[in-house]
Amino acid sequence: MDQTSIDEPLSHVLKLKNEIVKLNQRVIQLEKEVKSIQENCRHVFYETQVTRSCIKCHYVESTYY
């Protein structure tokens, strides 16, 4: 049985999983940046009957209570 044929896909899968972990960490970092921007924004809202959205930072609030 050729062991390299098994090792190569396994190695590739491990690399892909590692990349997924890195990308998930990057997503978390970017979400924190967006949250910080939205918390410090001087909102300018565009309102509909059910939501209001900031045209500057894209923060959205529901107005449907």
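The values are calculated or read from the model by the stated rules, or taken from the named source; none is laboratory data. Since this is a predicted model, take the numbers as computed values, not measurements. Quick reminder, even Gly has a Cβ in these numbers, built from the backbone with ideal geometry, and neighbours come from all protein chains shown. Accessible surface areas use protein heavy atoms only, side chains included; no ligands, DNA or RNA. Shrake-Rupley method; radii C 1.70, N 1.55, O 1.52, S 1.80 Å.
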#### Entry: Loop trypsin sites (Lys or Arg not before Pro), the chain, which have at most 11 other Cβ atoms in a 10 Å radius of their Cβ (DSSP)
42
### Message
What distance in nm separates the two pseudo spin-label positions at residue 62 and residue 26, each 7 Å out from Cα along the beta-carbon direction?
### Response
3.2
### Message
Relative contact order for the chain: what percent, with Cα pairs under 8 Å and sequence separation of 6 or more?
### Response
17
## Note on the structure
On the accessible surface of the chain, probed at 1.4 Å with all protein chains in place, carbon and sulfur together account for a percent value of 57
### Query
Per the Debye formula with a single identical scatterer at each Cα and no solvent contribution, what log10 I(q)/I(0) holds for the chain at q = 0.15 Å⁻¹?
-0.65
### Dipole of segment 16-65, positive direction: furthest Cα of 40, 23, 54, with charges on the beta-carbon
23
### Query
Could you give the angle, 0 to 90 degrees to the nearest 10, between helix 3-39's Cα long axis and the longest principal axis of the Cα atoms of the chain?
10
